[in-house]
Amino acid sequence: MSNEINIFEQASRKALRFESIRGPVSLSVESLWSIPLESKSGLDLDTVAKTVKSKLNALSEESFVSTKANPEKEDLELSLEIVKHIISVRLKEREDKSQAVARAAERARLIEALDQKQSAAILQLSEDELKARIKDLS
């Protein structure tokens, strides 16, 4: 968790921004949480990650002479880590939600089956048993 906090701290200190397909508008780290994982419009986390990765690949040619760190490359690496983390969290949330829906549907089926069994058991009672049970409930 400390690494995650560290990358978000670094991003906020550097005021990192991410390119948007919507013209000159740039995306902040916090806005990444609200855009979809994928979309037909191209404004999604997958496209943001691909854009950052593409820029990082363009800078990946290393010099065999110069040992100076490239701040742009460091920012892109940080940006990619942040987008990958957000994607990972959002995918987990989507999976958890899907599992919760499946559990709720299974629970509803089981409750319905139990109700049918209980109804069937009541129908098996004799007329006298039914009258006695009704009298006990009065």
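The values are calculated or read from the model by the stated rules, or taken from the named source; none is laboratory data. None of the values given here were measured: they were computed from a predicted structure. Cβ sites come from the backbone with ideal geometry, for glycine too, and all protein chains shown count toward neighbours.
Quick notes on this one:
Residue-by-condition table, conditions (1) charged (D, E, K, R); (2) under 30 Å from Glu19 (Cβ atoms); (3) at pLDDT below 95:
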position	(1), (2), (3)
Ile35	no, yes, yes
Lys40	yes, yes, yes
Val89	no, yes, no
Ala108	no, no, no
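- Here Ser63 meets each of (1) at pLDDT below 90; (2) within 21 Å of Ile7 (Cα to Cα) with one exception, condition (2).
- For beta carbons closer than 7 Å, sequence separation of 6+ or different chains, a first residue in the range 58-77 that is over 14 Å from Arg17 (Cα atoms) and free of Cβ contacts under 8 Å to residues at least 60 places away in the same chain and a second that is assigned to a helix (DSSP H, G or I) and among the β-branched types (Val, Ile, Thr), there are no qualifying pairs.
- Any chance Ser12 is surrounded by 10 or more Cβ atoms within 10 Å (Cβ to Cβ), of a type outside the set (A, V, I, L, M) and either part of a helix (DSSP H, G or I) or free of Cβ contacts under 8 Å to residues at least 60 places away in the same chain (or both): yes
- The range 24-45 - residue that is surrounded by 15 or more Cβ atoms within 10 Å (Cβ to Cβ) and of a type outside the set (Val, Ile, Thr) and, of those, nearest to Ile7 (Cα to Cα): Leu32
- Any hit, the range 110-128, residues being closer than 30 Å to Ala15 by Cα and at pLDDT 95 or above: no
- Positions within the range 21-74 being of a type outside the set (A, V, I, L, M), assigned to a helix (DSSP H, G or I) and over 22 Å from the mean Cα position of the chain (by Cα), in sequence order: Ser54, Lys55, Asn57, Pro71, Glu72, Lys73, Glu74
- Exclusive hit being in contact with a helix residue (DSSP H, G or I) (Cβ under 8 Å, 6 or more places away or on another chain) and assigned to a helix (DSSP H, G or I), set Glu77, Glu93, Glu129, Glu112: Glu77
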